[in-house]
1. Starting from the stretch 1011-1033, keep only residues that are under 27 Å from VAL239 (Cβ atoms) and touching a residue at least 40 places away in the same chain (Cβ under 8 Å), then list their pairs with residues that are outside any helix (DSSP H, G or I) and among the polar types (S, T, N, Q) whose Cβ atoms are within a distance under 7 Å, requiring at least 6 positions of separation or different chains.
2. Given LEU304, LEU299, which one is in a helix (DSSP H, G or I), within 26 Å of ILE868 (Cα to Cα) and touching a helix residue (DSSP H, G or I) at 6+ places or on another chain (Cβ under 7 Å)?
3. Enumerate the pairs (first residue in the stretch 135-152 and farther than 17 Å from GLY224 by Cβ; second residue anywhere and in a helix (DSSP H, G or I) and not charged (D, E, K, R)) with beta-carbon separation below 6 Å, excluding pairs fewer than 6 apart on the same chain, so at least 6 apart or on different chains.
4. Suppose we filter THR1036, THR1082, THR1042 for residues that are under 30 Å from LYS536 (Cα atoms) and polar (S, T, N, Q); which single one remains?
5. Got a number for residues in the stretch 519-542 being hydroxyl-bearing (Ser, Thr, Tyr) and open to solvent by less than 20 Å² (accessible area, probe 1.4 Å)?
6. Would you be able to say whether some residue in the stretch 543-559 is touching an Asp or Glu at 6+ places or on another chain (Cβ under 9 Å), among the aromatic types (Phe, Trp, Tyr) and either buried (at least 22 other Cβ atoms within 10 Å of the Cβ) or modelled with pLDDT of 90 or more (or both)?
7. Can you work out which of the residues in the stretch 955-986 that are open to solvent by 40 Å² or more (accessible area, probe 1.4 Å) and touching a residue at least 24 places away in the same chain (Cβ under 8 Å) is farthest from the chain's Cα centre (by Cα)?
8. Just checking: which of the strands (runs of 3 or more DSSP E) contained wholly in the stretch 507-604 hold 3 or more residues that are among the hydrophobic types (A, V, I, L, M, F, W, C) and either under 34 Å from the mean Cα position of the chain (by Cα) or over 19 Å from PHE699 (Cα atoms) (or both)?
Amino acid sequence: MNGMRNNNGSSYSSSVATLVFLVLFFVSLSLLPTRIQCADQPYVTSFYAEEIYKELQSLATLFTKDIRKTLSFCIKDMKKDWEEAFDFKGRLDFVDSCVKKKGDFRDRICTSVEIRYYFQSFMDTTGTTSQSYVKPNKNCNLSSWVAGCEPGWGCSVGSTVDLKKELPEIPSRIDNCQPCCEGFFCPQGLTCMIPCPLGSYCPIGKLNTTTSTCEPYSYQIPAGDPNHACGSADVWSGVVNNSDIFCDPGSYCPTTTRKVPCDRGYYCRRGSTRQNSCSMLSSCKANTESPNMHAYAALLIVALSTLLIFIYNCTDQILATREKRKADSRERAAKHVKEIAQARQRWRSAKDSITKKKGLQEQLRSFSRRKSMKQDTSNAASASPLPPSDNSSEKKESNLTKMMQSADSDSNSSEGFHLNIGDKNLKNKQPKGKSLHTQSQILRYAYGKIEKEKEQEQNNNLTFSGVISMATNAGEEIKPRPAIEVSFKDLTLTLRGKKKHLLRCVTGKLMPCRVSAVMGPSGAGKTTFLSALAGKVRGCTMTGSILINGKHESIHCYQKIIGFVPQDDIVHGNLTVEENLRFSARCRLSADMAKADKVLIIERVIETLGLQAIRDSLVGTVERRGISGGQKKRVNVGLEMVMEPSLLILDEPTTGLDSASSSLLLKALRREAHEGVNICMVLHQPSYTLFRMFDDIIFLAKGGLTAYHGPVKKVEEYFASIGIPVPDRVNPPDHFIDVLEGIVKPSSGVTYQQLPIKWMLHNGYNVPPDMLHVMAENHDPESSSKGEGEGEGEAGGGEQSEHPWDSVEIEKDHVDSNFLIVKDLSNRRTPGVFRQYRYYLGRVGKQQLREGKSQAVDYLLLLVAGAILGMLTTANDETFGSLGYTFTVIAVSLLCKIAALRSFSLDKLQYWRESASGISSLAHFMSKDTIDLFNTVIKPVVYLSMFYFFSNPRSSFASNYVILLCLVYSATGMAYILAIYLAPSAAQLCSVLFPVVMTLIASQKRDTTLMKILAKLCYPNYALEAFVVANAERYTGVWLITRCSSLKTNDYNVNEWVMCLVILILYGILFRILAFGCLLITQRK
């Protein structure tokens, strides 16, 4: 028998064995002598109980060390758990009752070796309860089976046993077998008694004659033995296997021998030692297990629904009201400035009329003087000149006169301009932008400047360059823009991996203060040409040279003063026109520039582009109607004009505009050119009037070859010289495009393939050898055009390389361009990262408010999901609510990920444009993440407001909120990666798939090394563990075995709750770092 016991003992886990020590120590604490009021009457611990306590007290220290060593994964606060399970202070009446019934009570208590053997037999190596009886031992086996071996019965030991010592084996215990006392349980196959833990109900069983079972237990008495009565409980195990001794739900057990029904207004869960009062808004009937939260849920749903309706309908009104106040302030300032300007105009007219009148009087006096000189000298001496109108001088000055005189004499006035334009000291009298602080002063300053410029143009009928010259002569402080001259020679672009030319032998120069147009048939490489000048071409081999101001410098050195207007209208649709322009100006103008000067620039651009009427209108998106397409095109151009570029490149800015809008846009660009800006644009089918407004023109033929590059005034003369005159009543640019396209064949016999060669010969450029045969033979255009590449659009767009290595090289070009570091030669210090971050916060915050309807829908989905899952997955005591938490992790991760995709997937194009212009990517990312933190904080509250009160778990609301907060933070970080790196459709699919798959992996059994590794890599694993641990900590007393078994099975640890939260946060940080890396390397291709 000893050998069998040794073999059995070696087959069980050490952690389970230590649980035995815990129970034995509980027994020692249960005999703690004390006097306390209990059960409505005073109870005094007997002397016998005190003596037994003294014998068992010495075992406490030994068992404490073992428990901390082996059961720390399920016991966090040992003292607290012991007290909640075996603190029988004032509850030792069941001990004295047993002593009175059985005089040998001391000899019936299990020793440490018996308790250890019971739990080793009772639990398998995985920590789960597997059976309700112990394995054969010395007292109970096939050859020896006394009455005490039956469930609910026990025997006395034959000799005195010292409970202070650790016995080497189970003592012989087969004497005086009797039913187990109430408050104790006697397992089948073990002939001793173990105290029942708190939260259990262990009365003496009553025989059911029909089933021969001892109720409320499930064991039966031996058949054919009329003297065998029912005893107390027979087993303490996890609730999954046997819940006989657990106090019934709807009742509470203040002692292990007393069960009290729950009163009205209270609820009692399974295994409760006291009743819990219902909250204010909940209702609890008598004998109820959980409170009825329907009233609370209804009230909460109404409140949250009202809030969501308010958000859905009123978020736009908040911004609209704020913008209306700004618009009113702006209108008052503009009206004030106009009144001042009109008053000054009237004042000037009055002064002019008076001056003319004085001049006439002077002429009359001169005439009279000459006439009087012919008379007598005395008469001449007495003659007096015609006096001025004394009555007018004596008249009281009008209010208008006083206002204008005060305005002229006030050097600090910023509401217009002085009449003495020629005063060289005027600039000392004008207000400076930095001296203006209030919004009203800034607006008056800006509108005053604009009115001054408009009046100068009207009165003097000057060009804008004349206005600048006039203002300069008048003492205005004009800061010239840095000049950028771009010259290129033999510029050739070849698609990598192929011999296809996108551009070939393009030579010329783009000069400051001039507006150049690039024209040509479709596929001539116009956009590719501009992209090459701007340094945006990828995946191509470039030969030739591009010089900036005559030096071999990269165009990226001047990135801060170069504007590039893309062909598509890439503008934020959920911002107003003014907000789009203001953000671009703030982030791209000099950081040292005064706010008033920035406002002046913005107002001037709005004025010149004709955007006053729509400045407060949303640009609009596909789902939301906004401004018209032509207006959006002008806003697209204005984004680059407000940053005062020195080189402005535009890709088809007039496409989709009518003639009036095109003329207005070109006039605005000419104003920029007169300030020294080098402007080049792609043009399609301009009118003759618009065509004549350009300074230079570049005609590209098919294959990216130059057909003409020079002044617009000489283009007709050149083409006429080579036999291509313009017919009468035909628009010259249209005629030249038709010739280059091959639609119109000149009568001189010149083909469109020969035009580039004629231009090379005309300028003395070298002609490529493979093109010399074109001049020698007049072959079919279709055959000669074969092999000529078409370079329209982005370089290499839609083309695939022939070799995999070429694709790798192209990808390397994209990555290198994103991390390109060059010397800054623009001499402009733009705002830093943190200042741009502040600007981004304001912009993203407005966008989120305008997307309040989407936010309301997100919250509504979380409410519905929380209510449904809360009702369907009520907290299960057997699994600590793990099923409900599994669904919670899936639902919250899925909904939050899909919502977080909008943060980066909706404005990818806008980000690519802004980052290409030099705006900080870090500020962009940080601002998005900062604004999303609001949702990260609020969404767990929204979900738990339904789920927590419907499922009613034992863990606290605060612990559930903290876990969900960390989970949402981690899930949002992963959503950022998907939104940035993948296309919207693929990102949405992955956002649905990843949470489900990862949560299922985390909830599976980890019986293999691979499954353990996969589970540890899945972030839902740590959320599930935190949820289960937070709930399991609330299960004490009789639930200890259930808690340890469940945590052992799932490989969870109560001490790792904080670590799980930290890991979730670290996952969120890691995901955000990876997302930012993807943001840097994933650019438009």
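1. That search, which allows pairs on different chains as well, returns LEU1024/SER1003; ALA1030/SER955; ASN1031/SER955.
2. LEU304
3. LYS135/ASN8; LYS135/SER121; CYS140/CYS149
4. Values: THR1036 fails: under 30 Å from LYS536 (Cα atoms); THR1042 fails: under 30 Å from LYS536 (Cα atoms).
On inspection, the qualifying residue turns out to be THR1082.
5. So in the stretch 519-542, the residues hydroxyl-bearing (Ser, Thr, Tyr) come out as 522, 527-528, 531, 541.
When the remaining residues are screened for being open to solvent by less than 20 Å² (accessible area, probe 1.4 Å), the result is 527-528, 531.
Going through the stretch 519-542 one residue at a time, the tally reaches 3.
6. The answer is yes; a qualifying residue exists.
7. Residue satisfying both the conditions and the ranking: VAL962.
8. On the way: elements: 515-519, 540-548, 562-565.
Once the strands (runs of 3 or more DSSP E) in the stretch 507-604 are filtered for at least 3 residues that are among the hydrophobic types (A, V, I, L, M, F, W, C) and either under 34 Å from the mean Cα position of the chain (by Cα) or over 19 Å from PHE699 (Cα atoms) (or both), what remains is 540-548, 562-565.
The values are calculated or read from the model by the stated rules, or taken from the named source; none is laboratory data. Here the structure is a predicted model, which is why all the values come from computation and not from measurement. Counting neighbours? That spans all protein chains shown, and the Cβs are built from the backbone with ideal geometry, glycine included. To get the accessible areas, we keep the full protein, side chains included, count just its heavy atoms, and leave off ligands, DNA and RNA. Shrake-Rupley method; radii C 1.70, N 1.55, O 1.52, S 1.80 Å.
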